[in-house]
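Every number in this text was worked out from the coordinates using simple rules, so none of it is lab data. Values in this document were obtained by computation on a predicted structure and should not be read as measured data. Here the Cβ positions follow ideal geometry from the backbone for every residue, glycine too, while neighbour counts run over all protein chains shown.
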Amino acid sequence: MQKGIKDVEQPTIVPKIHIDAKNAVLGRLSSEVAKYLLEGHAVNIVNCEKAIISGKKHSILKEYREIQQIHTATNPRRGPFHPKRPDRLVRRTVRGMLPMKKSRGKAAHHRLMTYIGIPKEFVGQELIKPKHADADKLNCKSITIGDLCKEFGWQD
Amino acid sequence: MGHRRVSAPHRSSLGYRRVRARRIVPSPRAWPEHDGSSKLMGFLGFKAGMTHCVYVVDRPRSHLANREVTVSVTVVETPPMVVFGLRGYNKTPYGLEIIADLRTLERKDELERKVKTPKNYDFEKTKKIFEEKLDEIDELRAIVHTQPHLTGIGMKTPSIAEIKIGYKSISDGYEYGLSLLGKEVLIRDVFKPGEFVDSIGVTKGKGFQGPVKRHGVKILQHKSKGTKRGVGSIGPWTPGRTMWTIPRYGQMGFNVRTEYNKRIMQIGSDGAEIVPKGGFVNYGLVKNNYVLLKGSIPGSKKRTVMLREPMRKTPQPEKEPRILYISTESQQG
């Protein structure tokens, strides 16, 4: 072995994962994605606007409106920022499940990308359905992220 | 402190960002929808100055209907614009994306000051590529430049802007755009007298100003401690930072501002009809086509302003107003 070069363990190659968020419950989807990210995968989520939050529309809206009131008192432009676009909202939700104060979490967040609809580069590729996030199992009312974001001014 | 009350309305609007414009030639943030025959949706002109005219009010419901009224008008000189390119945009969830671009090589010499003519540019080949992508195009825009050398303002370098082409079907719009390439467009091809337009321009720059001039706070009494032309209190002890709502010093003016529904009173070609004796102060004579807009528009004289199809849907007046008199009295002394 050459002097000065450390015997670094090569990171195991982990595949990229493309996840279809259609008809998936947002929180369950996000926790699953967060786990994938921390295992070292790079994750792309498509169809973000079709993910679902369970509950009555008015109560979900009320909750998100309350979140949006949190801002710097002296200058709201300094944040914290609350995304109003479906892909950013999903990315932010996953961020809340990552250890962002550690470099491990930041790197994991960096490996995540979210998209509205299915972009050209993912057409024909294998899309994975999240395992435990199927909204068909719900026995309650629900709204899609797209509908939620439209209430906050997002235009399709 | 005789002025001060317990509560008072906020000084100046918080709805605007008071930052300098990035470019002096405005580019509209949005274009209205259009579903008629193909046409350009805007025009660039140069603000010449103001005068006044007498016209017969043609709003039937107005209490001044059919009466003669004196109104102030702004003169905008509009020498012909030249179209030298086309651009196709595709609408994505994240905004518009350029997918096709076509430039003509038949150019005016003046444009060389602003943009160099590309070498080894194959027009026919690029045109073919453009036509292949026609189906994907959601918005078509013409790249135009002004001809300031035709006016008397001393500016030589043309300004460049993108102007949306309104069309019924994309093939119509593309053919219309091709027919314009390398050619001059007149103001009469775009707007008719009597219509409403939006004026978009950069306001007069006032530099770094204090809160009295910038926000209109009250001047304090002369015995005030520390400051007279400042804000009496800029906030509480805690939180120990200044609130974003406090009227403070900073840049004033030179902002992009849009004013909606300015009525075109007249479109003319003979500047002598409207230029005051001795010419417009700080501008001179009007040598080209001109537009008379009712009321004022933002910006200094000589500044490039964009006239755009009205964004807010208001019923367009059917006829052009009957103007009885336009003042050409000298504006000096």
Cross-link partners among aspartates and glutamates for A:Lys56, C-alpha distance below 17 Å, same-chain residues fewer than 8 apart left out?
A:Glu66, A:Asp136, A:Asp147, A:Glu151
All aspartates and glutamates inside 16 Å of A:Lys102 as judged from Cα atoms, apart from same-chain residues fewer than 8 positions distant:
A:Glu39
Quick one: work out the % antiparallel among DSSP beta bridges in segment A:13-149, nearest 5.
30 percent
With runs of 4+ DSSP H residues as the only contributors, calculate the mean residue ellipticity of chain B at 222 nm using -39,500 (n - 2.57) per run, divided by the residue total and rounded to the nearest 500.
-2500 deg cm²/dmol
Output ordering of A:142-152, B:300-310, B:6-16 (per-residue mean of other Cβ within 10 Å, highest first) is B:300-310, A:142-152, B:6-16
Which aspartates and glutamates does A:Lys131 reach when only Cα atoms under 16 Å apart count, and residues fewer than 8 places away in its own chain are ignored?
A:Asp20, A:Glu32
With the calculation restricted to Cα positions, what are the radius of gyration and Dmax of chain B in angstrom?
23.7, 76
Just name one of B:Thr157, B:Gly85, B:Val197: the one whose Cα is farthest towards the positive end of the charge dipole of segment B:68-208 (beta-carbon charges, Lys/Arg +1, Asp/Glu -1).
B:Thr157
Ranked from fewest to most other Cβ atoms within 10 Å of their own Cβ, B:Phe43, B:Phe130, B:Phe280 fall in the order B:Phe130, B:Phe280, B:Phe43
Taking the Cα centre of segment B:11-95 as the origin, how large is its charge dipole in debye, to the nearest 20, when only Lys and Arg (+1) and Asp and Glu (-1) carry charge on their Cβ atoms?
660 debye
Mean 1/r over distinct Cα pairs of segment A:13-156, inverted to a Kirkwood Rh in Å, yields 15.8 Å
May I have the convex hull volume per residue, in Å³, for the Cα set of segment B:250-333?
136 Å³
Put +1 on the Cβ of each Lys and Arg and -1 on the Cβ of each Asp and Glu in segment A:51-156; which of A:Cys149, A:Gln69, A:Gly124 then has its Cα farthest toward the positive end of the dipole?
A:Gln69
If you average the C-alpha positions of segment B:239-298 and of segment A:36-110 separately, how far apart do those two centres end up, in angstrom?
44 Å
With n ≥ 4 as the cut-off for DSSP H runs, can you work out [θ] at 222 nm for chain A, using -39500 (n - 2.57) per run divided by the number of residues, rounded to the nearest 500?
-9500 deg cm²/dmol
Note, segment B:62-72: 3J(HN,Hα) by Karplus (6.51, -1.76, 1.60, θ = phi - 60°), whole Hz, Gly/Pro = x, goes 5, 6, 9, 4, 6, 9, 8, 9, 8, 10, 7
I'd like to know how the protein assembly as shown sits against the 2.2 N^0.38 Å rule of thumb: what's its Cα Rg over that expected value?
1.27
Over 32 Å between alpha carbons, listed pairs A:Lys84/A:Lys120; A:Lys57/B:Lys91; B:Lys116/B:Lys164; B:Lys164/B:Lys277; A:Lys62/A:Lys101; B:Lys91/B:Lys287
B:Lys164/B:Lys277; B:Lys91/B:Lys287
